[in-house]
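Data first, discussion second: the structure below is written as structure tokens.
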Amino acid sequence: MAAQDASMRMTRQSVPASSRVAVIGGGISGLAAAKQLAAHDPVVFEATDSVGGVWKHCSYRSTRLQTPRPDYEFSDHPWQNRADPTFPTHAEIVDYLEGYADTFDLWRYISLGSKVVDVKFLGGGAAAGGFFTELWSGTGEPLQGKPMWEVGVANSDGSGEVRYYSFEFVVVCAGKYGDVPRMPVFPPGKGPEVFKGQVMHSLDYCKLNEEETVELMKGKKVVVVGYKKSAIDLALECAQANQGEGGEACTMLVRTLHWVVPSYSIWGLPFFLFYSTRLAQFLYERPNQGILRSMLCRLMTPLRAGVSKFIESYLSWKLPLAKYGLRPDHPFVEDYASCQMAILPDGFFDMADRDMIRFKRASAWCFSENGVVLEDGTEVQADLVFLATGFEGKDKLRAVLPKPFRDLVVDKSGMMPLYRGTIHPLIPNMAFVGYVESVSNLHTSELRCRWLAGLLGGRFALPSVEAMVKHVNGEAEAMRRTTRFYRRHCISTYSIHDSDAMCADLGTRVLRKGNWLAELFAPYNNQDYKEE
């Protein structure tokens, strides 16, 4: 990692005429896009004063990565301490990302404090009239020397001035998390307005320092709404702040249960053996697979169920899930296939055993004067209610995209319909990176940015709009058959096949290991995809 001082880093504050490509967002995906698309002199518009995305602006003090360090690194920028078995903190990840920008001189492409507030389509023609017969210039060649988008950027100086810049291609890396909180909707007279205490979304909690968080929660009755990673971390921080005299227990309000995992080891076996090798992923359905493979997948249903039950047996033995009524009814594989699995922070159930974290199940609830009321009439008293209810990332896109494109962001499945997880068949000369989830989102984004660079560089052409739509629909159908939580675009059970397809498009090797044993039994990671 480069040792360059942050004060020495130069960022672009103007847009030269030579810039043909705009990148919206300076998180992991935005940095990967800047590096891979450097030949096009991109401009990265980052709304805040630093890169890092959610790791910089939407993390708690205790937030750690959920993936082992070596599995979360760029293929050409390994961690210096990659042998360290601990999960990196959010501060370590920000340092790593800034080091990546240093190493590849990405700061020259980045314009900090530049918030994209509007995007206008300049292409005209069929798309503007609501008919999509001539998208992608009719040939699938994005860069033809003709501006297609106008990007409106507001500077952070507070002047309110919006400047517009024209580009041939726009890469949206604004992310799914942060910025726009998902807020529960309540009937009249049953929302936060009747509650005498304080209500705060986890997004606002992220903006506090450690001293402020302890002061906020110490000695207060706290309710945390949610049971995903952010809610679990928040409940643990609350319990830690309330240790000692005068401390109060934190109550988690749980609607949907998901499987949690204490470590990447199951009955002494490494977790990757179950889902992250070619042999393991051969058991699972892939999008757009043929009839023969579909029949084979049906025959292997008992084996898939056996793998899931094997993992469930370990988690039920290792964790007090039954004791606290936290054992999900659905199979583990459904959470893994939808990227819902969460890694437990150290000490979480220790705090529960000390009665510092409590759990209440409720599919519906509302506010009262003194706390929250569950659907069975039980009242949980509270001074402070945290809403760890997620984010509306797609609303960020709708806010800046023009019609008719803003209405195309989500299809009937609830997913973003993206070909190769990057291109919307009906939105020309625009790509979306960071909207597909996997075990390692960094790897997923880097490979997609490399694929995108190949597309813009003319190494391959896109299929027809009809073919892309058919492929996207096939992915949605595969997700729907695999998990009840299919509205999240997750590729974890077929990630290697997904990478194979992009390598094939680029004309590079599909089989990346040195021998057939490794090809079958070794996990794939970013180091296997170093550029040739």
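Listed values, structure above:
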| quantity | calculated |
| --- | --- |
| The chain: calculated mean residue ellipticity at 222 nm from DSSP helix runs of at least 4, using -39500 (n - 2.57) | -8500 deg cm²/dmol |
| Percent accessible area from carbon and sulfur atoms, the stretch 291-340, protein chains only, probe 1.4 Å | 67 percent |
| The chain: antiparallel DSSP beta bridges as a percent of all, rounded to 5 | 45 percent |
| Using θ = phi - 60° and Karplus 6.51 cos²θ - 1.76 cosθ + 1.60, couplings along the stretch 274-285 (whole Hz; Gly, Pro as x) | 8, 9, 10, 10, 4, 5, 5, 6, 5, 6, 10, 5 |
| Apportionment of accessible area to carbon and sulfur, the stretch 383-532, percent (1.4 Å) | 54 percent |
| For Val171, distant residues with modelled amide H under 5 Å away | Ala22, Val23, Ile24, Ala431 |
| Solvent-accessible ranking of Trp55, Trp451, largest area first, probe 1.4 Å | Trp55, Trp451 |
| The chain: relative contact order as a whole-number percent, Cα under 8 Å and 6+ apart | 21 percent |
| Accessible surface of the stretch 206-280, 1.4 Å probe, proportion on carbon and sulfur as whole % | 51 percent |
| Calculated from backbone phi, Karplus (6.51, -1.76, 1.60) coupling profile of the stretch 522-531 in Hz, x at Gly/Pro | 8, x, 8, 8, 4, 5, 6, 10, 4, 5 |
| Per the chain, cysteines lacking a partner by the 4.7 Å Cβ criterion | Cys58, Cys173, Cys206, Cys297, Cys366, Cys449, Cys503 |
| 5 angstrom amide H check on Val261, placed H, neighbours 5+ away | Ala342, Ile343, Leu344 |
| Eligible lysines near Lys220 by straight Cα distance, threshold 17 Å, same-chain separation 8 or greater | Lys196 |
| For the stretch 349-364, Karplus couplings with θ = phi - 60° (6.51, -1.76, 1.60), whole Hz, Gly/Pro x | 6, 4, 5, 5, 5, 8, 6, 8, 10, 10, 10, 10, 8, 6, 7, 8 |
| Sites Ala39 and Lys120, calculated FRET efficiency, Cβ-Cβ separation with R0 41 Å, nearest 0.05 | 0.95 |
| Extension gain, Arg293 back to Glu532 (0.36 nm per residue minus Cα-Cα distance, nm) | 82.9 nm |
| Long-range HN-HN contacts of Cys250 with modeled amide H, under 5 Å | Ile357, Arg358 |
| Among the listed pairs Lys56/Lys530; Lys56/Lys470; Lys35/Lys120; Lys218/Lys309, those beyond 30 Å (Cα-Cα) | Lys56/Lys470; Lys218/Lys309 |
| Sequence of Phe121, Phe332 from largest to smallest accessible area, 1.4 Å probe | Phe121, Phe332 |
| Whole-number accessible area per residue in Å² for the chain, which is evaluated in the context of all protein chains at 1.4 Å | 43 Å² |
| Residue order for Thr277, Thr482 - accessible surface, 1.4 angstrom probe, largest first | Thr482, Thr277 |
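The values are calculated or read from the model by the stated rules, or taken from the named source; none is laboratory data. Quick caveat: nothing in here was measured; it's all calculated off a predicted structure. Heads up, the Cβs are rebuilt from the backbone with ideal geometry, glycines too, and the neighbour counts pull from every protein chain shown. Protein only, heavy atoms only, side chains kept; ligands, DNA and RNA dropped before computing areas. Shrake-Rupley method; radii C 1.70, N 1.55, O 1.52, S 1.80 Å.
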